[in-house]
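A.B. asks: The structure that follows is given in the form of structure tokens.
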Amino acid sequence: MAGRFFLFLVLLSLFDCEKKSAGTSFTVAPIVVRDLDAIRKRGYLEALLDNNSVSYFIYKGRPMGYEYELLQRLAANLKVELKIKLISGIEEAFDKLNRGEGDLIAFPLTITQERAEYVSFTNAFFTTQQVLVQKKPSNWRRQPPDFVEKKMIRSPIELIGKEVFVKRGSSFKQRLENLSQEIGGKIIIHEDSANAETESLIRKVAFGEIRFTVSDQMLAEVNELYYPNLDINTVLSLPQQIAWAVRSNSPSLLATTNLWLATLKRQGIFQVVHDRYFNSPRFSSTVASSDYSSRNSEKLSPYDEQLKKGAKQLGWDWRLLASLVFQESNFDPRVESWAGAIGLMQVMPETGSYFGVRDLRNPEKNISVGVRFLKFLDNYWKKTVTDETERKKFILASYNVGLSHVIDAQRLSKKYGKKTNLWEDNVGYYLAQKSNPKYYHDAVAAAGYCRCDGPVLYVKQVLQRFEEYKIHIAA
């Protein structure tokens, strides 16, 4: 009887959540229970990131971003992996968090009393102000500064009767509503789509599609580098606190995140990361103008076309091949390793000779040899590893450390009763054990000693970067 009553209370609480969310368009309270212990047991932290030009992007093949860098450090502190979901829309983020489709919202969220009813905020990361984003006159470069200044709205009173577009679910709407009360006149507020990109309205102002929007000052400053015709100098709010958020029933995750943040600030690391993205105009300008930033394009490197051609020959997604090349050389065709491996795909001269190629510093030829070698490895592993997803792990490991060591690991897996066609906790595990005399002295391990935890990490990193490329770069 007590069990039935408990079940009734649970169902009643879920019904109440859904009833409230009907009025807010998102789930307002947790419908799952998952705190830090469960996250650690699962092995990864799932973060919800905002789709903006600062939080998370790809630059010259490398995942970067303010929130991304901090999340990497947090995940390392928690001793878990990091998984990312890119979200457009604050309401969608709240909904996914409370439904258990993420563990933490790593948005630059303004702390408000209303939002605190739906989520638990971390300690503040920094403070910022809301600013009006407006377009300078079309001929502003040729006009005196005083002329341009007179064309700009500087007093909120001048917004009476004006249309201002804001992101749906943002704190900007509430601020404009309060501002209307304060100035004694109506500001006409339009809410944009709930799933539009955070900076889409700023872009519309820059291109003259709308006249005004509102943004956090720091994000506005970054976008000013993209669109120098924007004016962001009119402040509309007092300083406001910016933080991340977790579910209200995740107190351990909240406490641990706050402790990590306090340590990061005390050590000065937080300020270094913060300055890189918000107080380094040269860095921001370089990224903003690069052809190889996901902020501007879907290019990873100057060699994308060759990589797409090579991936087609392999039957691979080209972004996986690109991830391998980045891992090998950071897309630098001049690199030569201590062991003599050359160029983009770090091809050994002996391998080049086998395929009849000598000029391995030539990017196109280097990629051609690397792809042909990958095809050779694919043909070998097809005999015993039929699943394509699993086989790619065997191929990547073999490309990094050599075929013979992975064959040894497969033989060890068979000897110790593990699966010979699965990587995780099977062949990959025994490859990592090849620095242990018990295993590299085994009769089945013909290739002998190998410090093979590196190749296991190599496979993991290439595949993880591939997943990050898929978020930003089209197939």
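The values are calculated or read from the model by the stated rules, or taken from the named source; none is laboratory data. Keep in mind it's a predicted model, so treat the numbers as computed, not measured. Please note: Cβ atoms are built from the backbone with ideal geometry, for glycine as well, and neighbour counts cover all protein chains shown. Calculation scope for accessible area: heavy atoms of the full protein, side chains included, ligands and nucleic acids excluded. Shrake-Rupley method; radii C 1.70, N 1.55, O 1.52, S 1.80 Å.
A.B. asks: Which value in deg cm²/dmol, rounded to the nearest 500, describes the helix-derived mean residue ellipticity at 222 nm for the chain, given -39,500 (n - 2.57) per DSSP H run of n ≥ 4 and division by the residue count?
C.D. replies: Estimated from H runs of four or more residues: -15000 deg cm²/dmol.
A.B. asks: With only Lys, Arg, Asp and Glu charged, each at its Cβ (+1 for the first two, -1 for the last two), find how big the charge dipole of the chain is about the Cα centre; round to the nearest 20 debye. Mind dumping the intermediate values first?
C.D. replies: Working: 65 positive and 54 negative charges, 221 e Å.
Using only the charged Cβ atoms, the result is roughly 1060 debye.
A.B. asks: With the Cα gyration tensor of region 157-238 in hand, give its eigenvalues times 5 under a square root as the equivalent ellipsoid semi-axes, listed largest first in whole angstrom.
C.D. replies: Values: eigenvalues 81, 40, 29 Å².
After diagonalising the Cα gyration tensor, the semi-axes are 20, 14, 12 Å.
A.B. asks: With the dipole of the chain worked out from charges on the C-beta (+1 for Lys and Arg, -1 for Asp and Glu) around the Cα centre, which of Trp318, Thr351, Pro156 lies farthest toward the positive end?
C.D. replies: Thr351
A.B. asks: On a 0 to 90 degree scale, rounded to 10, what angle separates helix 363-381 from the longest Cα axis of the chain?
C.D. replies: Computed tilt is about 60 degrees.
A.B. asks: Here is a further query. Just need the relative contact order of region 189-310 here, percent rounded to a whole number, with Cα pairs under 8 Å and 6+ apart. Write down the numbers at each step before the final one.
C.D. replies: Values: 51 pairs, mean separation 19.5, N = 122.
Worked out over region 189-310, it gives 16 percent.
A.B. asks: Label-point separation (nm) for Arg203 and Trp140, each offset 7 Å from Cα along Cα-to-Cβ?
C.D. replies: In this crude label model, Arg203 to Trp140 measures out at 1.9 nm.
A.B. asks: Could you point to the residue in Phe126, Gln181, Pro144 farthest towards the positive end of region 66-204's charge dipole, with +1 and -1 charges on the Cβ of Lys/Arg and Asp/Glu respectively?
C.D. replies: Pro144
A.B. asks: Using a Förster distance of 56 Å, how high is the FRET efficiency between Asn362 and Ser155, based on the Cβ-Cβ distance and rounded to 0.05?
C.D. replies: 0.35
A.B. asks: Which value, in Å² rounded to 10, gives the accessible area of Asp291 with a 1.4 Å probe and all protein chains present?
C.D. replies: The value for Asp291 is about 90 Å².
A.B. asks: With contacts defined as alpha carbon pairs under 8 Å and 6 or more residues apart, what's the relative contact order of the chain in percent?
C.D. replies: After rounding, I find 14 percent.
A.B. asks: Would you kindly find the accessible area of Glu305, with a 1.4 Å probe and non-protein molecules such as ligands, DNA and RNA excluded, rounding to the nearest 10 Å²?
C.D. replies: Accessible surface of Glu305 is approximately 130 Å².
A.B. asks: Same structure again: How tilted is helix 66-78 with respect to the longest principal axis of the chain? Cα atoms for both, answer in degrees (0 to 90, nearest 10).
C.D. replies: 60
A.B. asks: Indicate, rounded to the nearest 5 percent, the antiparallel portion of the DSSP beta bridges found entirely in the chain. Walk me through the numbers before you get to the answer.
C.D. replies: On the way: 24 of 39 bridges.
DSSP beta bridges in the chain are roughly 60 percent antiparallel.
A.B. asks: Separate question: Taking 35 Å as R0, compute the FRET efficiency from the Cβ-Cβ separation of Glu182 and Asn258 and round it to 0.05. Working shown, then result.
C.D. replies: Numbers: r = 34 Å, r/R0 = 0.96.
Taking R0 as 35 Å, the efficiency between Glu182 and Asn258 is 0.55.
A.B. asks: Right, something else. Measuring with a 1.4 Å probe in the full set of protein chains, what accessible area per residue, in whole Å², belongs to the chain? Intermediate values should be presented prior to the final figure.
C.D. replies: Details: 23090 Å² over 475 residues.
In whole numbers, the chain has 49 Å² accessible per residue.
A.B. asks: Taking the Cα atoms only, what angle lies between the long axis of helix 388-401 and the longest principal axis of the chain, rounded to 10 degrees?
C.D. replies: So the inclination is approximately 70 degrees.
A.B. asks: Related question: Amide H of Asn51 versus every other amide H placed in the peptide plane: which residues, excluding those fewer than 5 positions away on the same chain, fall under 5 Å?
C.D. replies: The list, which skips near neighbours in sequence, is Ile87, Gly89, Thr198.
A.B. asks: With a cut-off of 8 Å between alpha carbons and a minimum separation of six or more residues, what is the relative contact order of region 247-363 in percent? Could you put the intermediate results ahead of the total?
C.D. replies: Details: 89 pairs, mean separation 12.3, N = 117.
Reported as a whole number, the value is 11 percent.
A.B. asks: In debye to the nearest 20, how big a dipole does region 320-475 give about its Cα centre with +1 on each Lys and Arg Cβ and -1 on each Asp and Glu Cβ?
C.D. replies: On the way: 22 positive and 17 negative charges, 85 e Å.
Taking the Cα centre of region 320-475 as origin, the dipole is about 420 debye.
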